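Asker: The structure under discussion is supplied below as structure tokens; questions concerning it will follow.
The values are calculated or read from the model by the stated rules, or taken from the named source; none is laboratory data. For clarity, every value in this text was computed on a predicted model and none was experimentally measured. Reconstructed Cβ throughout: ideal geometry from the backbone, glycine too, with neighbour counts over all protein chains shown.
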Amino acid sequence: MEKKEALYEGKAKIVYSTDDEDLIIQYFKDDATAFNALKKGTIIGKGVVNNEVSSKLFELLKENGIPTHFVKILSEREMLCLSLEIIPIEVVMRNVVAGSLSKRTGLAEGYVLKRPVLEYYLKDDDLGDPLINCSHIEVLELVEKDTLDKVSGYAQKINGILKTYFDKRDLTLVDFKLEFGLHKGVVYLGDEISPDTCRLWDKETGAKMDKDRFRRDLGNVEEAYKEVLKRVCG
């Protein structure tokens, strides 16, 4: 598989084309951003952790009937993936109140929700990735209703699979972000699943084991990422 030109560079990854038009390579960087890139930094080894954790979780989801773009891991920072037409919606699943949900509802951080909350955000950095609803999605013509229904169903199923998996590894899955795309008309889970895109708390102590340690200047960021890698893939 030949890696060719860079197609896109984002906050955490670089996407490269290959000699197969159906496949791309994701390269995971150590760059870290928060608050819509207002805060920037580096988390040493983050790309290696996120690549390996994402690969493991994509394989888990595939085994449980979730179609993902993951094909195989290529190196410590690279994975081979299906090329997707990304749906411009970020899907967030919330099991415990944290972050913006606490600010918007007044519920205390750490409050366990009686049932998962599903949210949609418009993928648009210039607008700050705003929270949107189904009516907005319809008016903006972001995706067909049947595709959105499929995405939402996958998100709910993924939440159940990951909650159970993390719980067995003494991690609470607080919330997480998903991105989906289309390949030849079929919906696939894309992007990554990692401490960058999930809020993970130690089940016993409540210690934050994710990018919130970077966002909130809590320290020991690299150590937390490595511990998640150990628990997820060990």
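Asker: So which pairs qualify, if the first residue must be in the range 212-234 and in contact (Cβ under 8 Å) with a residue 40 or more places away in the chain and closer than 26 Å to Val97 by Cβ, the second must be among the aromatic types (Phe, Trp, Tyr) and surrounded by 13 or more Cβ atoms within 10 Å (Cβ to Cβ), the Cβ gap must be under 7 Å, and the two must be at least 6 apart or on different chains?
Answerer: Partner pairs satisfying both residue conditions: Val221/Phe214.
Asker: Check off (1) in contact with a strand residue (DSSP E or B) (Cβ under 9 Å, 6 or more places away or on another chain); (2) within 30 Å of Trp201 (Cβ to Cβ) for Lys168 and give me the number that stays unchecked.
Answerer: (1)
Asker: Can you name the residue in the range 96-116 that is among the β-branched types (Val, Ile, Thr) and loosely packed, with under 15 Cβ neighbours inside 10 Å and is also nearest to the chain's Cα centre (by Cα) among such residues? Give the steps one after another, and end with the answer.
Answerer: Step one: of the range 96-116, the residues among the β-branched types (Val, Ile, Thr) are 96-97, 105, 112.
Still in the list and also loosely packed, with under 15 Cβ neighbours inside 10 Å: 105, 112.
Numbers: Thr105: 23, Val112: 21 Å.
Within the range 96-116, the match that is nearest to the chain's Cα centre (by Cα) is Val112.
Asker: Tell me, which strands (runs of 3 or more DSSP E) wholly within the range 1-62 include 1 or more residues that are at pLDDT below 95 and under 17 Å from Leu84 (Cα atoms)? Walk me through how you get there before you give the answer.
Answerer: Details: elements: 3-9, 13-18, 23-28, 31-34, 39-42.
So the answer is 3-9.
Asker: Ok, one more. Quick check: anything in the range 7-26 over 17 Å from the mean Cα position of the chain (by Cα) and closer than 13 Å to Asp196 by Cβ?
Answerer: no
Asker: While we're here: Could you grab me the full set of residues in the range 200-211 that are touching a residue at least 24 places away in the same chain (Cβ under 8 Å) and either farther than 17 Å from Asn95 by Cα or surrounded by fewer than 22 Cβ atoms within 10 Å (Cβ to Cβ) (or both)?
Answerer: Trp201, Asp202, Lys203, Glu204, Gly206, Lys211
Asker: List every residue pair whose Cβ atoms lie under 7 Å apart, where the two residues are 6 or more positions apart in sequence or sit on different chains, the first residue falls within the range 148-159 and is assigned by TED's automatic domain parsing to the domain that holds Val91, and the second residue, located anywhere, is of a type in the set (Phe, Trp, Tyr) and modelled with pLDDT of 95 or more.
Answerer: Filtered contacts from the range 148-159: Val151/Phe180.
Asker: For residues that are in contact with a strand residue (DSSP E or B) (Cβ under 6 Å, 6 or more places away or on another chain) and under 21 Å from Gly181 (Cα atoms), scanning just the range 24-56, find the one that is surrounded by the most Cβ atoms within 10 Å (Cβ to Cβ).
Answerer: Asn50
Residue-by-condition table, conditions (1) among the small types (Gly, Ala, Ser); (2) more than 16 Å from Ile89 (Cβ to Cβ); (3) surrounded by 19 or more Cβ atoms within 10 Å (Cβ to Cβ):
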position: Lys123; (1), (2), (3): no, no, no
position: Leu127; (1), (2), (3): no, no, no
position: Thr147; (1), (2), (3): no, no, no
position: Lys150; (1), (2), (3): no, no, no
position: Gln156; (1), (2), (3): no, no, no
position: Asn159; (1), (2), (3): no, yes, yes
position: Lys163; (1), (2), (3): no, yes, no
position: Thr172; (1), (2), (3): no, yes, yes
